[in-house]
2 protein chains.
Amino acid sequence: MALFGRRKPAPVAPEVVEEVPSLPPAPPLNEAGLRSVADHIDYLLGLVEPLRPFGMSLVEAWDQVMCEDINSMINVPPNSTAKVEGYAVRASDLRDDDGAMVESLRLVDAEERLAPGEAARVLPGAVLPKGATAVLPSTFVEASEGGLRLLDVVEEGAYLRAAGEHLAVGARLLSEGERLNDRAIGMLASAGIDKVLVRPRPRVVVVSSGHELVEPGDKVRHGETTDSNSFMIAAAARAAGATVFRVALHSSDPQQLKTAIADQLIRADLLVSTTGGHREDYEAVANAMRELGMVDSAEVAMSPGRTQTFGLIGEDQVPMVMLPGNPVSAYVTFQTFVWPLIRRLMGASEKRRAVRAIASSTLRSNKGQLHLLRGELFSESSIRTIDRVTDPHALAELSRSNALIILDEDTDLVRAGEQVMCWPLEED
Amino acid sequence: MALFGRRKPAPVAPEVVEEVPSLPPAPPLNEAGLRSVADHIDYLLGLVEPLRPFGMSLVEAWDQVMCEDINSMINVPPNSTAKVEGYAVRASDLRDDDGAMVESLRLVDAEERLAPGEAARVLPGAVLPKGATAVLPSTFVEASEGGLRLLDVVEEGAYLRAAGEHLAVGARLLSEGERLNDRAIGMLASAGIDKVLVRPRPRVVVVSSGHELVEPGDKVRHGETTDSNSFMIAAAARAAGATVFRVALHSSDPQQLKTAIADQLIRADLLVSTTGGHREDYEAVANAMRELGMVDSAEVAMSPGRTQTFGLIGEDQVPMVMLPGNPVSAYVTFQTFVWPLIRRLMGASEKRRAVRAIASSTLRSNKGQLHLLRGELFSESSIRTIDRVTDPHALAELSRSNALIILDEDTDLVRAGEQVMCWPLEED
């Protein structure tokens, strides 16, 4: 009976393996268990794509990053012209196959194009007919009936100002990744370019959270602090070239945080979180990020700014950086990791500009970590010098600084009078 | 008879003197009949007033110029706190009128305000009650019934972290004329400032005229040139901080010019005229300016940019600068005279930043005139150097430059290796 028959195993429904998206493998740690700053930057940049380019009229495109190589559409000067009084000729007509000087050329009226064996009279500055490759000065010929008897020859290019001598059709004017300054815009206009392919300004949303933060101007009760980080970071993002929105939550409630972050995904190309100084506020943001997306947490070989949290949030995997609560750490983290992300979104190829300066006092660091000190750069003299700035009030320290002093992983001491690398902060 | 009588003279109507507005007296010329660059700048700045300030929210005010001095609204830290375990006291209570140590203090529970003779127990970090001016460490007293017996005294301020120690109410944070960078914005927010008085971005209208100019992208016929100056100058004005409109006329017809200029007066805080290279186009603009307003024409001791024309145009006396037709002259004139006018409208107190650099080749000038050469500044090393840039194509020369080399009126020679002043052009 079938009842006792060997039952065919019920067909096993293929296991539905839910694809859990995850970040690519993180870079390896060093002996101290830390990720290097360079590795962290490269890792983040590898997770973010430049924004889609679009065409923009030249007059609007100032300070934008080029998304294409641009070549000249025109010659400057536009036409070849005679430098001397004489005759426009084809230089190759002046000698026969054996290289001997020909006897004569046919004199024609100025025409659009010079045929073989023809010469056309020109005055200095006159546009040469097409086909002409040289000007034969008047003194090199004698007039004969209907033609010219040659006394001497010239080589190609002689006695003329060539079309495109200063700028030739096809010459590279600007390359992808370069920014359009005012002179470059003049150059492009002169070359006949009226539209360029650029990337839009990234939209950065700064989300400020922390139950103890109040808006500037509001009454500060005991245990509360005025929110300053989100204002400073919003301005820093604008200085980096972004369009910025600031959202102030004044809460670390998990549900409120998640909703606030999720609400911003639609308009954000990059999210940046700022908090106050409390550890639990920082944790609350990290948890919200983990619930909404894929998160990388790392201890980076850097001071300040050791703890770094990055995520790709929501369905569209919008990048998000969480900044530390201390204002100096938040600012240094912004300049080190968020600034390159904004430039990456803009498609800029340039690296952050570092300059050398003479340290005016002895500076100390620990080997194995990148130390970013606050400094005041003096640039008026041809020799640049930098003073270290310290102030018990973190925001006063930043406010008095115009540069970050870079003491890299291999440096533990820079003596007064020695050179040190710096990042200027001022966009002038 | 009356007929032969002496006639009384008819009463003379008082002459109606029409007030013809005119510019103030121009500065004196030097022996060579030229106006100095410094005099010309001062003269123009004296004719232009800063725009009216308005209140702006802090987050919007990045990069704007302050129109007020700003003092801190808060103390950082906000409250005085104990550094050690002990008793909050009024230091003046600890000695009697003769300066001898008092025997005891009344111990009270922590209250809002400490009355004379009272002491309140505090732990490290605790906020002190109002009136307390020092902390008496536990070891300085012995408990007695309902009070404390003193073993030793302290002076005012001892063992406490004072309110406002890092930043005090009323401390100057930022002064009128300074620009708001990101760190300053953080500082202001932390000090409780949410709104600042700034001046709006000046609206600069660039009017391009010249019958031989065509728009980039349009076909260039013989004798025509693509308009590049107006694009370059519009971008330079944006880089200087202005909101810019570009109006292209492609004509030097007097009536069209007058109408175009008059039409812009309503939205312009400053008009800038650009033309092509033809003398008659320049003259046409100068004539239109004279018909619409008061005009100053000067030969300035400067190269390039010797001929300078400035006017106050229309009923509202809108300032207008006419730039020379040559691109290099136009750009140098912009940087020398228009840039300070834009900053003046913004209310900025800063002067154009000049830096020293080592000349990499010998540079020559004529004494008695300011010579502005195009240069490429190398800033990465701690010693700044500058190369002179020359190119037969004016716009290529500008495009390859990132600084102007200043050879002043007293200089005729700068040898390679000597220092020279420069204006960096890049806003980085």
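Quick rundown of the values:
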read-out	value
Apportionment of accessible area to carbon and sulfur, region A:154-254, percent (1.4 Å)	47 percent
Where only C-alpha atoms are counted, convex hull volume of region B:277-428 per residue in Å³	124 Å³
Distance between region A:328-376 and region B:148-196 - C-alpha centres, whole angstrom	28 Å
Translational diffusion coefficient (Stokes-Einstein; Kirkwood radius from C-alpha pairs) of region B:33-126 at 10 °C, 1.306 mPa s, in µm²/s	80 µm²/s
Distance histogram in 10 Å bins (all Cα pairs of region A:81-161, percent per bin)	22, 60, 18, 0
Within straight-line cross-link reach of A:LYS258, aspartates and glutamates at Cα separation under 15 Å, skipping those fewer than 8 residues along the same chain	A:ASP281, A:GLU283, A:GLU291, A:GLU315
Buried on assembly, region A:208-228 (at least 20 Å² less accessible surface than by itself, 1.4 Å probe)	A:PRO216, A:GLY217, A:HIS222, A:THR226, A:SER228
Region B:355-424 - percent of accessible surface contributed by carbon and sulfur, probe 1.4 Å	43 percent
Shape call, chain B: gyration tensor on alpha carbons, a/c limit 1.5	prolate
Rh by Kirkwood over Cα pairs, then Stokes-Einstein D for the protein assembly as shown at 1.567 mPa s and 4 °C, µm²/s	40 µm²/s
Cα gyration tensor shape for region A:162-265, rounded if a/c is under 1.5, else prolate or oblate	prolate
Proximal aspartates and glutamates to B:LYS130, defined as alpha-carbon separation beneath 15 angstrom and excluding residues fewer than eight positions away on the same chain	B:ASP93, B:ASP109, B:GLU111, B:GLU112, B:GLU118, B:GLU156
Descending semi-axes in whole angstrom, ellipsoid equivalent of region B:355-424, from the Cα gyration tensor	17, 16, 10
Total accessible area lost when A and B pair, probe 1.4 Å, Å² to nearest 100	5300 Å²
Mean accessible surface per residue for the protein assembly as shown, computed with a 1.4 Å probe while every protein chain stays in place, in Å²	47 Å²
Length-normalised contact order for region A:81-161 - Cα pairs under 8 Å, 6+ apart - percent	41 percent
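The values are calculated or read from the model by the stated rules, or taken from the named source; none is laboratory data. Computed from a prediction, not measured in an experiment: that's the story for all the values here. These accessible areas exclude ligands, DNA and RNA; they are computed on the full protein's heavy atoms, side chains included. Shrake-Rupley method; radii C 1.70, N 1.55, O 1.52, S 1.80 Å.
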